[in-house]
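Q: Below you'll find the structure I mean.
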Amino acid sequence: KLWPSLHLAFMEPPATVPPADAAALADCDAGNGDNGNVQRGFRRFKTTPDVSAPAPKKSPTVTRRSPGAPRQQSIQILEPEEVLEALNVPELRGRINSFSPPYSSHSQSAAGLIAAFALGGYLAFRLPPTPSQMDFDALRLWMLSAAAWVPLLGWVLWSDPRAPPPRKRSISGSVPNPIARCKHGCIFEVAPKTRHCRKCDKCVAGFDHHCLWLNTCVGRRNYHRWLLFLLLLCCWTMLTCWIAFSSLLRCRHLRSRRFAVGHRPAVLLLGLLAALATAWLVMLLVLHAYFNVMGITTLEWATSAPGAPVKPQGCQ
């Protein structure tokens, strides 16, 4: 009872055979004996078009960028009419500075660590016995460096490193500055190495990196002040380390267990943390000195392959 239906399903030729399938059928007919008949019938069954069945969906092709390859241009230069409309937008996109939410847990940890260094360094200096003249000089330098980097830190935290927004002078002059819009919606005057920071949701001119410890972006408008802040902070942590270990060495000749090193674990921990912070800041300064010599940014160094030329384009 099943043979007639199977016979028709496998052996009945289709009404129309495309040229590609006809060539395939000719290849299948080249077989000998029953094997060739089975192949011919199976091929005809598989190539019979089914009008009711939906066409198979093609999987989307994904192109990946090779390491070190330049990114594609992703900004759009605005026309004069669009520039006039952009000038009427009163609000800026994204976070303004470090004090704008959301806040980073790294910045809170950094604030607690700096407060611990300041309080611990002063208390370590006040511990008996009486400090030497060198310790007094170290304390003066410690306070002067703190007085220098604290207002500099406040300026870096309060400043907005975003790419300059369009202003009326950009289109009123004889040589207007080009105005562009990135794929995220930011409108700005075109500047070199402008990148979009996803954490701050704004485009930053001369984008170097997003500092989690300061909870702000570092770009062309605050990069040099940020480097100066790092240098002063490195000197301050080095002096903190000096004050902490000097307070431990002052009591090495005392027999009383009251002034022994084992009874000052907080001062010892302060000195070790200050030494680690100083070493980390020195390595960071050396790394950015290398970046300035090579003329690259932290983002370009992190996203490029070793030895590959860095040619970033557009706003990413």
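The values are calculated or read from the model by the stated rules, or taken from the named source; none is laboratory data. Only a predicted model underlies this, so the values are computations on that prediction, with no experimental measurement involved. Using ideal geometry, Cβ is built from the backbone for each residue, glycine included, and neighbour counts are taken over all protein chains shown. Remember, those area values only see protein heavy atoms, side chains included, never the ligands or the DNA or RNA. Shrake-Rupley method; radii C 1.70, N 1.55, O 1.52, S 1.80 Å.
Q: Kindly indicate whether D135 is surrounded by 15 or more Cβ atoms within 10 Å (Cβ to Cβ), charged (D, E, K, R) and farther than 25 Å from G206 by Cα.
A: The answer is yes for D135.
Q: So which residues in the range 182-224 are out of contact with any strand residue (DSSP E or B) (no Cβ under 9 Å at 6 or more places or on another chain), within 17 Å of V156 (Cα to Cα) and part of a loop (DSSP other than H, G, I, E, B)?
A: Listed by number, the residues that qualify are L212, W213, L214, N215.
Q: State yes or no: is C315 modelled with pLDDT of 95 or more and open to solvent by less than 60 Å² (accessible area, probe 1.4 Å)?
A: No.
Q: Checking the conditions here, which among C217, C235, C211 is surrounded by 23 or more Cβ atoms within 10 Å (Cβ to Cβ), closer than 23 Å to G112 by Cβ and modelled with pLDDT of 90 or more?
A: Of C217, C235, C211, the one residue that is surrounded by 23 or more Cβ atoms within 10 Å (Cβ to Cβ), closer than 23 Å to G112 by Cβ and modelled with pLDDT of 90 or more is C217.
Q: If you don't mind, another one. What's the total number of residues in the range 93-129 that are among the aromatic types (F, W, Y) and in a helix (DSSP H, G or I)?
A: Count: 3.
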